[in-house]
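Participant: My structure is below; once you've seen it, I'll send some questions.
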Amino acid sequence: MLDKEQLKGLYVLTDATLTPTESMLEQVERVLKSGVKVIQYRDKYASDEEAEKQCIRLQALCDVYEAIFIIDDRLEIAYRINADGLHVGEDDVSYEEARARLGEDKIIGVSCYGDLERAKKYANLGADYVAFGAFFPSPTKPHAKMVAPEILKMAKEQLSVPICAIGGINAENIQLLSCYDIAMYSLISAVYKDDAIEENLEKLQAKI
C-alpha cells in the first residue's frame with residue numbers, strides 16, 4: 001500500500017541531460033540514500049522502450065528505499081510496470097484518463113502552472129497533489145512562464161491536497177517559497193550540479 005503521507009519535502013526529478021542513462025541509477029540511489037522519498041522519471045526524448053527499461057529499474061530502486069516513484073506523462077509505461085504514480089501536465093494525457101487506467105490507489109499529480117481554478121478542479125476530482133510554477137528561471141525548462149510565489153499562499157488557503165512548487169528552485173531561492181509551508185519542492189539542476197548530490201541536498205534540506 002502506497003504511503004501518500006510521504007508526499008512531502010524534496011521531490012527530485014531525473015533529466016535527459018543531467019542524469020543520462022548510463023549514470024541515472026547510481027545518481028538516483030545517491031539521492032535516495034540522502035533521504036529523499038519522492039522521485040520522478042522525466043525524459044521527453046527517450047523512446048518508450050528505453051524509458052520503460054529505466055522506469056522498471058527506478059521503481060525497484062525506490063521500493064528498496066521505501067520511496068515513491070512517479071513517472072512523468074507516460075501513462076502506459078506507468079500502467080505496465082505498476083509504478084507508484086504519474087504526473088500529468090496540460091499537454092499530456094488527461095487526469096481523468098490516467099485515473100481510470102491506474103485506479104484509485106495510485107498517486108496522480110497535476111501541473112497547474114499559475115492557475116488556481118485548475119488546481120481546485122483536479123483536487124476535487126481526486127488528484128493527490130497539485131504543482132505550481134515555474135517560480136524562477138529554469139535551466140531545464142527555459143521557456144516556462146513565470147508565476148508569482150503568492151499563488152502558494154492562496155493555494156494553501158483554498159486547497160487541502162499537498163501543494164508542490166516547481167521551476168528553477170535552488171538553495172539560494174528555496175526559502176522564498178518555503179515560507180508558505182507547502183508540501184513539496186520539485187528539483188532537478190540544484191540536486192545534480194557539480195556531481196555534489198549529497199552536499200546539494202543537505203543545503204536544500206536545511207532551508208525548508
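The values are calculated or read from the model by the stated rules, or taken from the named source; none is laboratory data. Note that this is a predicted model, so its numbers are computed, not measured. Cβ sites come from the backbone with ideal geometry, for glycine too, and all protein chains shown count toward neighbours. Protein only, heavy atoms only, side chains kept; ligands, DNA and RNA dropped before computing areas. Shrake-Rupley method; radii C 1.70, N 1.55, O 1.52, S 1.80 Å.
Participant: Got a sec? Charge dipole of the chain, +1 on Cβ for Lys and Arg, -1 for Asp and Glu; which of MET24, ALA131, ASN82 is way out at the positive end?
Facilitator: Result: ALA131.
Participant: Please say if the range 1-65 is rounded, prolate or oblate, where rounded means a/c under 1.5 for a ≥ b ≥ c the square roots of the C-alpha gyration tensor eigenvalues, and otherwise the choice is prolate for a/b larger than b/c and oblate otherwise? Before the final figure, lay out the partial values.
Facilitator: Working: a/c = 1.81, a/b = 1.57, b/c = 1.15.
Here the range 1-65 falls in the prolate category.
Participant: For HIS87, HIS143, write out the residues from largest to smallest accessible area, computed with a 1.4 angstrom probe and no ligands counted. Show your work: numbers first, answer last.
Facilitator: On the way: HIS87 15, HIS143 175 Å².
Result, largest first: HIS143, HIS87.
Participant: Which value, in Å², gives the accessible area per residue of the range 63-208 when a 1.4 Å probe is used on the protein heavy atoms? Display every interim value, and only then the final one.
Facilitator: Values: 6910 Å² over 146 residues.
Per-residue value: 47 Å².
Participant: Give the distance, in whole Å, between the Cα centre of the range 173-193 and the Cα centre of the range 1-59.
Facilitator: Between the Cα centre of the range 173-193 and that of the range 1-59, the gap is 17 Å.
Participant: Further question: Given 10 Å bins starting at zero, what is the percent of C-alpha pairs of the range 1-142 in each, up to the one with the largest pair distance?
Facilitator: For the range 1-142, the pair-distance distribution reads 11, 44, 37, 8, 0.
Participant: Please report the relative contact order for the chain, taking Cα pairs under 8 Å with a sequence separation of at least 6, and give it as a percent rounded to a whole number.
Facilitator: Numbers: 379 pairs, mean separation 41.5, N = 208.
Normalised by residue count, the contact order of the chain is 20 percent.
Participant: Give me the percent of the accessible area of the range 85-190 that comes from carbon and sulfur atoms, probe 1.4 Å, all protein chains in place. Show your work: numbers first, answer last.
Facilitator: Numbers: 2430 of 4830 Å².
Carbon and sulfur together cover 50 percent of it.
Participant: Compare the Cα positions of TYR113, GLN158, ALA67 along the charge dipole of the range 36-165 (+1 at Cβ of Lys, Arg; -1 at Cβ of Asp, Glu; about the Cα centre) and return the one farthest towards the positive end.
Facilitator: With unit charges placed on the Cβ atoms, the residue in question is GLN158.
Participant: Please report, ordered by residue number, every helix of the chain (full DSSP H runs) that is 20 Å or longer along its axis going by C-alpha atoms and whose mean Kyte-Doolittle hydropathy reaches -0.5.
Facilitator: 48-64
Participant: Now for a separate question. In the structure displayed, which of LYS4/LYS37; LYS8/LYS203; LYS37/LYS156; LYS37/LYS203; LYS33/LYS156 lie more than 20 Å apart, Cα to Cα?
Facilitator: Numbers: LYS4/LYS37 11 Å; LYS8/LYS203 17 Å; LYS37/LYS156 22 Å; LYS37/LYS203 17 Å; LYS33/LYS156 30 Å.
Violating the 20 Å Cα-Cα cut-off are LYS37/LYS156; LYS33/LYS156.
Participant: Express in Å², to the nearest 10, the accessible area of ASP73 obtained by rolling a 1.4 Å probe over the protein heavy atoms while all chains stay in place.
Facilitator: 50 Å²
Participant: Now, a different point. Per DSSP H run of at least 4 residues, take -39500 (n - 2.57); add these up for the chain, divide by its residues and hand me the 222 nm value, nearest 500 deg cm²/dmol. It would help to have the intermediate numbers written out before the result.
Facilitator: On the way: 9 runs with 77 residues, N = 208.
Helices in the chain give a 222 nm mean residue ellipticity of -10000 deg cm²/dmol.
Participant: Could you compute the FRET efficiency for VAL93 and GLU172, with r as their C-beta to C-beta distance and R0 at 25 Å, rounded to 0.05? Spell out each step's value before the answer.
Facilitator: On the way: r = 35 Å, r/R0 = 1.39.
After rounding, the FRET efficiency stands at 0.10.
Participant: For LYS145 and GLU66 in one chain, what is 0.36 nm times their gap in residues minus the Cα-Cα distance, to one decimal in nm?
Facilitator: Using 0.36 nm per residue and subtracting the Cα-Cα distance, I get 25.0 nm.
Participant: Moving on to the next point. In whole angstrom, and with the biggest value first, how far do the Cα coordinates of the range 123-182 range along each principal axis?
Facilitator: Ordered largest first, the range 123-182 gives principal extents of 32, 22, 16 Å.
Participant: Rg over Rh of the range 68-202, using C-alpha atoms and the Kirkwood radius, what does it come to? Intermediate values should be presented prior to the final figure.
Facilitator: On the way: Rg = 14.9 Å, Rh = 15.5 Å.
The Rg/Rh ratio comes out at 0.97.
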